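First comes the structure, then the notes that go with it.
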Amino acid sequence: MAKAPITKRTVDAAKPAEAEYVVWDDGGKETIKGFGLKVTPAGGKIYIFQYRLARVGQADKTAPRKYTIGKHGELTPDQARSRAKELAMMVAQGIDPRQRELDLVAAQDEAKHAAEQKARLEGELAFEKVAERWLEHYEDEKGRRPRTVDQAKHVVNAHLLPALKGKPLPHITRTDLQLIIDGIPVKHRASRLAVYAYASVLFRWAMERGEIIDNPVRLMAKPSAPEARDRVLTDDELVAIWKAASSLRDPFGPYFQLLMLTGQRREEVASMNWAELDRSSSMWVIPANKAKNGVAHMVPLAPRIIVELDRLALIEQNKAKADEPAAERWPKAGSVISLRGKQPLTCYSRAKRQLDEATEAGTVSPWRVHDLRRTLATGLQRLGVRFEVTEAVLNHVSGARSGVAGIYQRHDWKDEKRSAMEAWGRHLTAILNPIHETNVVSISEAKQSA
């Protein structure tokens with residue numbers, strides 16, 4: 001066994017042999033036990049440290065272990081000696097240098113993995129990122145109706161995103177989701193059920209992709225379903241919607257305002273044509289091929305409706321550079337509600353979405369466009385309008401106008417419909433301008449005073 005002080009001279013003098021050998025440090029008082037220079041047949045020179053650890057509670061020691069300090073050239077003999085001293089002190093304290101190095105590597109690997117996992121959780125697995133990918137997938141699925149996609153987007157953007165943005169999907173619990181549902185008023189059962197349903201689809205999709213282990217919605221109690229649709233907007237909600245519509249660019253604003261004023265179906269208002277309107281008689285004739293029930297329908301135009309149509313006619317007049325005042329001249333043809341001036345409005349979901357975004361937060365509970373029609377019908381009843389007249393205004397072939405009565409009763413209720421529409425127009429004007437409109441009365445009150 002070769003021994004010599006591990007110095008530059010010793011290292012430089014060490015020559016390769018047929019077999020690997022070690023020169024152990026022997027420098028008198030400066031000797032570090034276990035410190036040596038390994039020389040390989042290829043001429044490699046490597047500093048090593050050999051040691052034994054004492055067994056816990058016993059005098060004997062474990063089998064010798066070797067620790068590679070480093071290659072000569074990368075380290076000088078003095079640097080290697082200094083490192084050997086550190087290792088000897090660790091062994092004296094019962095610390096295994098090799099195990100400690102392994103532990104450090106493992107800790108570094110664990111820290112790296114944790115950092116990568118954190119970056120993934122805060123990046124691609126953040127709720128908003130997963131929700132964005134899911135909505136794209138949901139919209140691309142074959143046969144998906146646009147209205148269903150719009151509702152999914154509304155649930156994500158209006159309910160889930162505000163509470164879960166920035167939170168990693170695997171960290172979202174059913175408690176988080178339950179708090180969102182509990183935050184929706186109990187009376188809005190349809191919204192509660194929609195959040196539950198779409199959240200379940202979203203998290204199940206993520207689970208199937210391996211992004212989460214389980215669907216947190218799975219063990220949640222399903223909210224009760226809403227009763228049959230009977231949503232009627234309050235006067236305050238009508239005012240809020242009207243104001244929001246007024247802030248929208250044409251034709252979205254006029255579209256919703258005419259829906260409120262006429263109570264006709266969304267497709268009928270959206271496809272309104274100037275050729276169907278007669279200002280001199282204040283009448284709108286919806287052709288049978290446009291009416292949902294296939295029955296031509298005459299809609300009296302109340303003064304408030306005339307005001308809105310005059311404004312739209314003025315816009316068309318300016319486009320055509322006509323000289324005749326809009327109040328005396330409406331276009332003879334063309335779409336009244338048009339996105340590009342030619343084709344009727346068809347993007348109902350887009351229009352409703354823009355209206356919802358423009359509506360002041362908290363002023364209107366979730367509603368549908370069809371609720372405007374139900375609201376007008378209910379409003380006419382409150383104003384004292386006969387049920388048969390209300391049915392006629394809505395062009396319903398049901399109730400008082402169905403069966404035998406519908407066959408033999410041929411009265412068109414033209415005058416009664418006009419009175420009803422004018423009363424509704426006055427009511428809307430009153431709630432929109434409460435300070436200036438104080439003399440509005442219902443139809444029944446007007447008859448009593450006559």
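The values are calculated or read from the model by the stated rules, or taken from the named source; none is laboratory data. None of these values were measured; they are calculated from a predicted model. Methodologically, a virtual Cβ is constructed for each residue, glycine included, from the backbone with ideal geometry; neighbour enumeration extends over all protein chains shown.
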Original post:
So which of Gly406, Gly399 is on the phi > 0 side of the Ramachandran plot and modelled with pLDDT under 65?
Top reply: Gly399
Original post:
From Gly36, Gly44, which residue is touching a His at 6+ places or on another chain (Cβ under 9 Å) and either among the small types (Gly, Ala, Ser) or not assigned by TED's automatic domain parsing to the domain that holds Met89 (or both)?
Top reply: Gly44
Subject >> Candidates Pro170, Pro185 - the one that is of a type outside the set (A, V, I, L, M, F, W, C) and surrounded by fewer than 13 Cβ atoms within 10 Å (Cβ to Cβ) >> reply: Pro185
Original post:
Any idea how many residues of segment 209-254 are modelled with pLDDT of 90 or more and touching a strand residue (DSSP E or B) at 6+ places or on another chain (Cβ under 7 Å)?
Top reply: 0
Original post:
Can we say Ala221 is outside the structural domain of Lys319 (by TED's automatic domain parsing) and either in contact (Cβ under 8 Å) with a residue 40 or more places away in the chain or among the aliphatic types (A, V, I, L, M) (or both)?
Top reply: yes
Original post:
Taking the condition at pLDDT 90 or above and of a type in the set (A, V, I, L, M, F, W, C), does Ala17 pass?
Top reply: yes
Subject >> Leading residue by the ranking (surrounded by the fewest Cβ atoms within 10 Å (Cβ to Cβ)) among those in segment 173-182 that are over 10 Å from Val195 (Cα atoms) and free of Cβ contacts under 8 Å to residues at least 24 places away in the same chain >> reply: Thr175
Subject >> One residue from Leu125, Leu87 being farther than 30 Å from Arg209 by Cα, at pLDDT 75 or above and touching a helix residue (DSSP H, G or I) at 6+ places or on another chain (Cβ under 8 Å) >> reply: Leu87
Subject >> Residue in segment 140-165 that is surrounded by the most Cβ atoms within 10 Å (Cβ to Cβ), counting only those that are at pLDDT 90 or above and not aliphatic (A, V, I, L, M) >> reply: His159
